[in-house]
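*Asks:* There's a structure below that I have some questions on.
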Amino acid sequence: MAGVDEAGRAPLAGPVVAAAVILDAETRIVGLDDSKLLPPEERERLFLLIQSRAVAVGVGMADAQTIDRVNILEATRLAMGAAVAALQVVPELVLTDFVRLAGLDCPQRNLVRGDQRSATVAAASIIAKVTRDRLMEEADFAFPVYGFRRHKGYPTREHRAALERHGPCLLHRRTFQGVSTQMGLFTV
């Protein structure tokens with residue numbers, strides 16, 4: 001059974017990242033929960049445990065340009081499908097955090113609050129969140145004026161102020177409200 005979840009649907013910048021995780025039925029990882037409910041240090045600790053104990057882990061992502069082209073829900077589905085395809089073990093069942101995926105070669109169940117109800121979905125949530133956070137921390141080196149290290153692209157006051165001052169960069173989702181309103185003010 002593979003759990004699948006994503007991170008990064010709400011930010012104004014950066015990719016949406018999805019993960020698929022297959023855990024051994026005998027392996028229990030204490031502390032798994034929805035990644036949004038865990039402090040960063042605990043997510044990092046669990047990320048390493050999941051990576052070392054999982055039967056398989058797959059990651060997929062869709063960049064800002066893909067999100068702008070197909071919309072955030074479809075980009076999420078693309079990233080999730082890529083994460084399942086990246087698994088080195090073929091799952092017999094896929095559990096998602098309530099996103100229906102097309103084209104799977106196995107049955108799926110789409111759980112409401114799946115990251116709180118399923119250990120595999122919670123594990124996928126953590127892998128996706130830590131992977132995305134790390135990508136945004138790296139992006140801070142390329143685009144330091146935006147403060148991606150601190151807010152990871154989410155629409156904080158700091159991020160909105162940087163958008164007003166500097167306009168969008170390559171990582172910004174130009175179709176998102178808050179970015180699109182800045183487009184006419186800057187040459188992009």
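*Asks:* Determine, for 166, 151, the number of other Cβ atoms within 10 Å of each Cβ, and report the residues in order from fewest to most.
*Replies:* 166, 151
*Asks:* Turning to a different aspect of this structure: Across the range 45-55, in residue order, what do the Karplus-derived ³J(HN,Hα) couplings come to in whole Hz, using 6.51 cos²θ - 1.76 cosθ + 1.60 with θ = phi - 60° and x for Gly and Pro?
*Replies:* Result, rounded to whole Hz: 4, 5, 3, 5, 5, 4, 4, 7, 10, 6, 5.
*Asks:* Defining a contact as two alpha carbons under 8 Å apart and six or more residues distant in sequence, what relative contact order in percent does the range 1-94 show?
*Replies:* Answer for the range 1-94 is 40 percent.
*Asks:* Using helices alone, what [θ] at 222 nm do you get for the chain, with -39,500 (n - 2.57) per DSSP H run of 4 or more residues, divided over all residues and rounded to the nearest 500?
*Replies:* My calculation for the chain gives -12500 deg cm²/dmol from helical runs alone.
*Asks:* Compute the Cα gyration tensor for the range 1-108, then decide on rounded, prolate or oblate, letting a ≥ b ≥ c be the square roots of its eigenvalues: rounded whenever a/c is under 1.5, prolate when a/b is larger than b/c in the other cases, and oblate in all that remain.
*Replies:* oblate
*Asks:* What net charge is computed for the residues neighbouring residue 33, neighbours being all others with C-beta under 15 Å from the C-beta of residue 33, Lys and Arg scored +1, Asp and Glu -1?
*Replies:* In short, 0.
*Asks:* Over all alpha-carbon pairs in the chain, figure out the percentage whose distance exceeds 24 Å.
*Replies:* Summing the P(r) of the chain above 24 Å gives 38 percent of all pairs.
*Asks:* Which residues' amide hydrogens lie under 5 Å from the amide hydrogen of residue 95, considering only partners 5 or more residues apart or on another chain, with H built in the peptide plane?
*Replies:* 2, 3, 4, 109
*Asks:* How far apart, in nanometres, would the label points at residue 42 and residue 138 be if each is projected 7 angstrom from Cα along the Cα-to-Cβ direction?
*Replies:* About 2.7 nm, to one decimal.
*Asks:* Rounded to the nearest 20 Debye, what is the dipole magnitude of the range 1-101 about its Cα centre when Lys and Arg each give +1 and Asp and Glu each give -1 at the C-beta?
*Replies:* So the magnitude is around 120 debye.
*Asks:* May I pose another question? So, R0 is 35 Å and r is the distance between the beta-carbons of residue 181 and residue 53; what FRET efficiency does that work out to, to 0.05?
*Replies:* It comes out at approximately 0.20.
*Asks:* A follow-up question, please. What does the charge dipole of the chain about its Cα centre add up to, to the nearest 20 debye, if the Cβ of each Lys and Arg holds +1 and the Cβ of each Asp and Glu holds -1?
*Replies:* In total the dipole reaches around 480 debye.
*Asks:* Under the Karplus relation 6.51 cos²θ - 1.76 cosθ + 1.60, θ = phi - 60°, what is the ordered set of whole-Hz ³J(HN,Hα) values for the range 107-121, x standing for Gly and Pro?
*Replies:* Once rounded to whole Hz, the list reads x, 9, 10, 10, 8, 5, 6, x, 6, 9, 10, 10, 4, 5, 5.
Taken together, the values in this text are just the output of simple stated rules run on the coordinates, not laboratory data. Since we're looking at a predicted model, the values are computed, not measured. Cβ: placed from backbone, ideal geometry, glycine included. Neighbour counts: every protein chain shown.
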